[in-house]
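To start, the structure itself, in structure tokens.
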Amino acid sequence: MPPAAAPVPLVRFSHVRKSFDGGQPVVRDLDLDVAKGEFVTLLGPSGSGKTTALMMLAGFERPDAGAILLEGRDISRTPPHRRDIGVVFQSFALFPHLSVAENVAFALRVRGVARAEQRGRVARALEMVRLEGLDARMPAQLSGGQQQRVALARALVFGPRLVLMDEPLGALDRQLREELQLEIRDLHRRLGVTIVYVTHDQAEALTMSDRIAVFAGGVVCQVGTPAALYDAPRNAFVARFVGESNRLAGTLEGVEDGCARMRLDGGLLIEGVLAEDMAPGARCVMSVRPERIAAAPDLAGERDLLTATLTEVVFLGDHARLRFALGGTEIVVKRPAGAGLGGFVPGQTAALAWQAEHGRIFLPEAVVQ
């Protein structure tokens with residue numbers, strides 16, 4: 001039997017390009033698929049192209065080249081109101097003169113849904129976002145979190161195939177933002193709706209997503225699961241932007257049996273995993289996550305260990321951050337709260353070490369933000 005054909009993605013960006021006023025492209029040759037039922041986050045710094053990509057998918061911007069497909073149909077020139085897509089913005093975009101129920105029902109009215117049916121669908125949508133009993137309130141009578149739930153209910157009430165969210169939690173305080181992250185993730189799992197989400201907050205992306213597309217300079221640097229991006233970044237930008245990492249500069253000495261040797265600028269020789277193709281003698285950087293580094297105050301000077309000077313200890317509740325100076329380079333180490341800090345005193349020397357598999361070696365970062 002011939003192999004089964006791969007399912008058609010719900011969303012496909014195919015060689016999409018966009019610039020404004022004839023300037024440099026904001027999005028460059030974007031290729032990205034989103035499967036039905038996926039939660040995909042477009043993550044990147046300001047100006048990286050992620051929001052422009054979302055606005056093109058919503059229909060508020062048109063690509064200069066390429067195609068955007070929804071279930072295999074090119075919608076690049078389809079007006080926003082004919083795309084059957086729900087959109088949630090950071091600003092909530094609620095009508096201040098309409099009640100909660102009227103705001104949610106607006107999405108149904110513009111689609112010609114009968115008034116009798118509207119009431120039931122609005123009630124179910126408000127129940128989904130835990131706003132039962134607040135249907136008669138005005139937006140000004142709601143908290144920021146409640147207003148965002150109304151916006152979410154309005155995006156879901158007409159049963160769209162796809163929901164787009166552009167920094168929807170950016171205006172909320174940290175605790176409320178973290179609560180709503182979990183609520184949105186739970187809604188996604190219960191409803192099975194496809195979500196494309198934009199944020200510059202890497203912790204938010206790691207918490208919520210099935211897959212993350214990391215944008216920089218108008219291109220996608222890497223697409224993968226949160227674990228894959230964190231544990232196996234493809235280049236120096238992804239290693240720096242997705243989670244915290246230490247960066248050590250040096251020169252590649254060589255590779256043997258899959259293990260790369262790197263000479264630090266201070267002269268020390270360390271080993272790691274070569275994540276990009278490069279020849280011996282090339283300038284490179286090693287990335288090591290702070291929680292992967294072991295630190296011991298009584299092993300300084302031992303063979304194959306780096307000797308560094310402790311400059312600061314910061315207690316943060318669930319963990320402590322230890323800052324070390326290694327020549328002109330700062331190295332951060334994270335220790336769990338239960339690990340204790342006995343023997344660590346600023347000004348003393350300590351030994352630092354990590355397994356070679358946790359040190360990823362890249363070409364120096366060349367992405368312009």
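Evaluating 6.51 cos²θ - 1.76 cosθ + 1.60 at θ = phi - 60° for every residue in the stretch 192-205, the Karplus couplings come out as x, 6, 7, 10, 10, 10, 10, 7, 9, 8, 5, 5, 4, 4 Hz, glycine and proline recorded as x.
Distant-in-sequence amide contacts of D64, defined by a placed amide H-H separation under 5 Å and a gap of 5 or more residues or a different chain, comprise R17, K18, S19. Here the accessible area is traced with a 1.4 Å probe on the protein chains. For the stretch 240-281, carbon and sulfur cover 45 percent of it. The spacing between the stretch 51-124 and the stretch 266-291, judged by their C-alpha centroids, is 47 Å. Taking only the Cα atoms of the chain, the ratio Rg/Rh comes out at 1.06, with Rh defined as the Kirkwood radius.
Within the straight-line cut-off of under 19 Å between alpha carbons, the lysines reachable from K18 are K50, sequence neighbours fewer than 8 places apart in one chain being disregarded.
Could you give P(r) for the stretch 68-178, binned at 5 Å from zero, as whole percent values over all Cα-Cα pairs? Here the calculated profile for the stretch 68-178 is 2, 12, 22, 22, 19, 11, 7, 3, 0. Computed about the Cα centre, the dipole magnitude for the chain is approximately 1420 debye when only Lys and Arg (+1) and Asp and Glu (-1) carry charge, each at its Cβ. Over the chain, DSSP H runs of length four or greater, each weighted -39,500 (n - 2.57), average out per residue to a 222 nm ellipticity of -6500 deg cm²/dmol. 3J(HN,Hα) along the stretch 236-243: 5, 5, 4, 4, 7, 7, 9, x Hz, from the Karplus curve 6.51 cos²θ - 1.76 cosθ + 1.60 with θ = phi - 60°, whole Hz, x for Gly and Pro. What the phi angles of the stretch 35-48 give under the Karplus curve with 6.51, -1.76 and 1.60, with θ = phi - 60°, is a coupling list of 7, 4, x, 7, 10, 10, 9, 9, 10, x, x, 4, x, 7 Hz, glycine and proline written as x.
Amide hydrogen proximity for G254: with H placed 1.01 Å from N in the peptide plane, the residues at 5 or more positions away or on another chain lying under 5 Å are R261. On full extension, the segment bounded by R161 and Q355 gains 65.3 nm, given 0.36 nm per residue less the C-alpha separation. Relative to the dominant Cα principal axis of the chain, helix 174-191 is inclined by about 60°. Packing, as the average of other Cβ atoms within 10 Å across residues, places the peptides 87-99, 151-163 in the order 151-163, 87-99, highest first. Annotation: peptides 137-143, 124-130, ranked by per-residue average of other Cβ atoms within 10 Å with the highest first, follow the order 124-130, 137-143. Between amide H atoms placed 1.01 Å from N, distances below 5 Å from V87 occur with L164, all of them 5 or more places distant or on a separate chain.
With viscosity 1.567 mPa s and temperature 4 °C, the Kirkwood radius over alpha carbon pairs of the stretch 186-266 converts through Stokes-Einstein to a diffusion coefficient of 87 µm²/s. A 1.4 Å probe run over the protein chains yields, for the stretch 148-273, 38 Å² of accessible area per residue, whole-number rounding.
The values are calculated or read from the model by the stated rules, or taken from the named source; none is laboratory data. Fair warning: this is a prediction, and the values are worked out from it, not measured in the lab. Positions of Cβ are generated from backbone atoms using ideal geometry, with glycine treated the same way; all protein chains shown enter the neighbour counts. Note: areas computed on protein heavy atoms with side chains; ligands, DNA, RNA excluded. Shrake-Rupley method; radii C 1.70, N 1.55, O 1.52, S 1.80 Å.
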